[in-house]
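What follows is a single structure, written as structure tokens, with notes after it.
The values are calculated or read from the model by the stated rules, or taken from the named source; none is laboratory data. Bear in mind that the values here come from a model prediction, so they are computed numbers and not experimental data. Cβ atoms come from the backbone with ideal geometry, glycine included; neighbour counts cover every protein chain shown. Side chains are part of the model used for accessible areas, which takes the heavy atoms of the whole protein and leaves out ligands, DNA and RNA. Shrake-Rupley method; radii C 1.70, N 1.55, O 1.52, S 1.80 Å.
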Amino acid sequence: MKRLYFILPLLIFCATCSAQIQFGYISYEQLLKELPEYAQAKQGLAELKTKYEGEATRSEEEFQRKFVDFLQGQKDFPQAIMQKRQAELQSLMDNGIAFRQKSQELIAQAEEELMQAAYKRLNSALLEVGVEYGYGYILNTDGNSCPYINPVIGVDVTELVRQKLGLSVAVPTPENAPQPIEQPATPQPEQ
């Protein structure tokens, strides 16, 4: 019975607190793709991929040329030269495979570095909107991670974030458009 007296007020408190929290939701990927930093990062990444692909292709062509030479001359080669050429071909093939793997790692690392500016700008805008409008949190709806959002407590903040990012001039016009919360005035120091 004592436990009931303790748990009941706690449940009532939790229910009233959760009913007062409003949250926002967005498609993170959609907003990210609208940023100019995203386009710059993708362009830089495409250029980097082209350079790595060009080097890999050059290496493969060199291997193929040496392999054709090996096939044409293998019946005339003494045993020692044949083993040397086989070892050289094996080394070229191993180096080509290692280069492909290393280039994939370097491209992934470069993508992460190039995208940092876009992520930082978008996350900053989300933080500003969340604080300004008093949301408890902002959900990312990408990948159908939130199949249902209660429209009473959830608000699509996509346009608000776009405004913070300077991407659109449209202002949300529904009757229940979120209003910024009043911030207490900061006391001015006496002079």
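Leaving out ligands and nucleic acids, and using a 1.4 Å probe, what accessible area per residue does the range 62-111 come to in Å²?
Details: 3750 Å² over 50 residues.
Solvent-accessible surface per residue comes out at 75 Å².
Points 7 angstrom from Cα along the Cβ direction at Ala117 and Glu53: gap in nanometres?
For Ala117 paired with Glu53, the spin-label model returns 2.4 nm.
Just to be sure I understand the model, the point goes 7 Å from the Cα along the line to the Cβ. What's the resulting Ile21 to Phe70 distance in nm?
My value for the distance between the label points is 6.4 nm.
What figure, in Å² to the nearest 10, do you get for the accessible area of Lys51 with a 1.4 Å probe and non-protein molecules left out?
About 150 Å², rounded to the nearest 10.
Using 1/(1 + (r/R0)^6) with R0 = 45 angstrom and r between the beta carbons of Glu62 and Lys33, what's the FRET efficiency to the nearest 0.05?
The formula returns an efficiency of 0.70 here.
Say each of Ile107 and Ser124 gets a label point 7 Å from the Cα, pointing the same way as Cα to Cβ; how far apart are those two points in nm?
3.0
Using only Cα atoms, locate the centre of the range 42-62 and the centre of the range 96-153, then give the distance between them in Å, rounded to an integer.
When both Cα centres are located, 27 Å separates them.
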